[in-house]
Amino acid sequence: MEPSIAPSADASTPDARLAKATPGSTVVLFTSVGERLTGKLFVYDSSTKSLGLEVQHPSSYYTILNASHITLESITPADAKFSYPTTPSQQQIEQREKRAVAERQAQARRIGKNVSSDAQRLFDALSKTVPCEWEEQAIIVMSTVRIAPPYTNVAVVSGSKAPPAQLERVRKMLMGERQRLHLT
């Protein structure tokens with residue numbers, strides 16, 4: 001059993017006991033509503049009497065509590081393995097940013113310009129099944145089939161690359177989605 005930081009005559013308040021604890025110490029406490037929490041001390045700020053705790057129940061999350069509103073049960077000193085979470089490198093941050101920008105650009109390309117809400121709903125429904133993109137007001141399906149306004153089977157035309165079976169498949173999908181969306 002590991003030693004605990006027990007209350008003493010001069011350190012009976014949670015504030016005083018937490019001030020002596022080191023990051024990574026295991027803290028067992030009760031909140032003002034009676035909830036029992038066990039976690040690793042991440043940070044303690046004596047000026048605001050706030051503690052950051054990493055709780056592992058049932059999955060890991062962080063919480064910030066005011067020491068004035070808790071009752072400490074025990075504090076077990078940190079083991080040597082404790083380390084703060086690592087800060088991502090500049091390269092990792094730039095990669096994350098590039099991915100986020102690319103995702104937002106892809107989302108923006110999926111929104112038609114100067115199209116009706118029904119056309120956008122059709123596009124969204126079709127794009128769940130097959131690759132679609134906007135070309136002005138026309139929906140391009142699988143890079144070879146074009147659906148022009150008013151987005152009916154008559155408006156489905158194929159480029160020279162599309163086999164007839166693909167054209168029929170898109171017509172059937174369009175008809176089914178129009179019925180499902182009550183656009184008939």
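For the reader, a short list of remarks on this structure follows.
- Single residue of the stretch 12-37 satisfying the filter (of a type in the set (Ser, Thr, Tyr), at pLDDT 90 or above and under 15 Å from Pro77 (Cβ atoms)) that is surrounded by the fewest Cβ atoms within 10 Å (Cβ to Cβ): Thr26
- Failed condition for Thr87, given (1) without any contact (Cβ under 8 Å) to a residue 40 or more places away in the chain; (2) part of a helix (DSSP H, G or I); (3) among the β-branched types (Val, Ile, Thr): (2)
- Of the residues making up the stretch 63-80, just one is exposed (fewer than 13 other Cβ atoms within 10 Å of the Cβ), in contact (Cβ under 8 Å) with a residue 40 or more places away in the chain and either out of contact with any Pro (no Cβ under 9 Å at 6 or more places or on another chain) or basic (Lys, Arg) (or both), namely Asp79.
- Residue match in the stretch 130-144 (condition: assigned to a strand (DSSP E or B), more than 12 Å from Arg110 (Cα to Cα) and polar (S, T, N, Q)): no
- Unmet criterion (only one of (1) on the phi > 0 side of the Ramachandran plot; (2) under 30 Å from the mean Cα position of the chain (by Cα)) for Glu136: (2)
- Of all the criteria given as (1) closer than 30 Å to Asn153 by Cβ; (2) of a type in the set (Val, Ile, Thr); (3) part of a helix (DSSP H, G or I), the one not satisfied by Val101 is (1).
- Taken over the stretch 162-181, the criterion of being over 17 Å from Pro149 (Cβ atoms) and aliphatic (A, V, I, L, M) is satisfied by Ala162, Ala165, Leu167, Met173.
- Any pair with Cβ under 9 angstrom, 6 or more apart, that starts in the stretch 96-112 at a residue that is over 21 Å from Leu122 (Cα atoms) and at pLDDT below 95 and ends at one that is surrounded by 10 or more Cβ atoms within 10 Å (Cβ to Cβ) and of a type outside the set (A, V, I, L, M): Arg96/Pro88
The values are calculated or read from the model by the stated rules, or taken from the named source; none is laboratory data. Treat the numbers as computed from the prediction; the structure is a model and nothing was measured. Because the Cβ atoms are built from the backbone with ideal geometry, glycine has one as well, and the counts that use them run over all protein chains shown.
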